[in-house]
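Pasting in a structure now, in structure tokens, and then I'll have a few things to ask.
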């Protein structure tokens, strides 16, 4: 009897495999048109969420760059305000694109750096 109970507990504790795998998640996977609409409605409040996602995504690309044989990008080459403006501009010009496309475009425009430091300086 205890074996049956133990087995049931283990089966219940094991996570079910998702029907679909999700290698990326977050607010930045929405479309540019949704971002633009939300930005018009909520302004800086929603932009802060999108931009935080963008910064995390670009930081992740930088951490993976050396392992992929690429150089990282300087995330402080232009100001935060300029980066946000470029993302808005990209989405305004490409309403059918996804926000992540705007982020990848921004990332690709930043100058390369050869050394990554975790201090953020």
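Suppose R0 equals 25 Å. What FRET efficiency, 1/(1 + (r/R0)^6) with r the Cβ-Cβ distance, do residue 85 and residue 24 give to the nearest 0.05?
On the way: r = 24 Å, r/R0 = 0.97.
Using R0 = 25 Å, I get an efficiency of 0.55.
Starting with the fewest neighbours, write out 42, 53 ranked by other beta-carbon atoms found within 10 Å of each beta-carbon.
Numbers: 42 12, 53 19.
Fewest-to-most Cβ neighbours within 10 Å comes out as 42, 53.
Rounded if a/c is under 1.5, else prolate if a/b is larger than b/c, else oblate: which is the range 27-113, with a ≥ b ≥ c the root eigenvalues of its Cα gyration tensor?
Working: a/c = 2.08, a/b = 1.88, b/c = 1.11.
The shape class here is prolate.
Right, another one. Determine, for 25, 58, the number of other Cβ atoms within 10 Å of each Cβ, and report the residues in order from fewest to most.
On the way: 25 8, 58 19.
Ranking 25, 58 by Cβ neighbours within 10 Å, fewest first, gives 25, 58.
Additional query: For the residues 35, 51, what sequence is obtained by ranking on other C-beta atoms within 10 Å, fewest first? Please report the intermediate quantities before stating the final value.
On the way: 35 25, 51 19.
Neighbour counts put them in this order, fewest first: 51, 35.
Read the figures in this text as sums done on the coordinates, not as results from a lab. Just so it is clear, the structure is predicted and the values come from calculations on it, not from any experiment. Cβ atoms come from the backbone with ideal geometry, glycine included; neighbour counts cover every protein chain shown.
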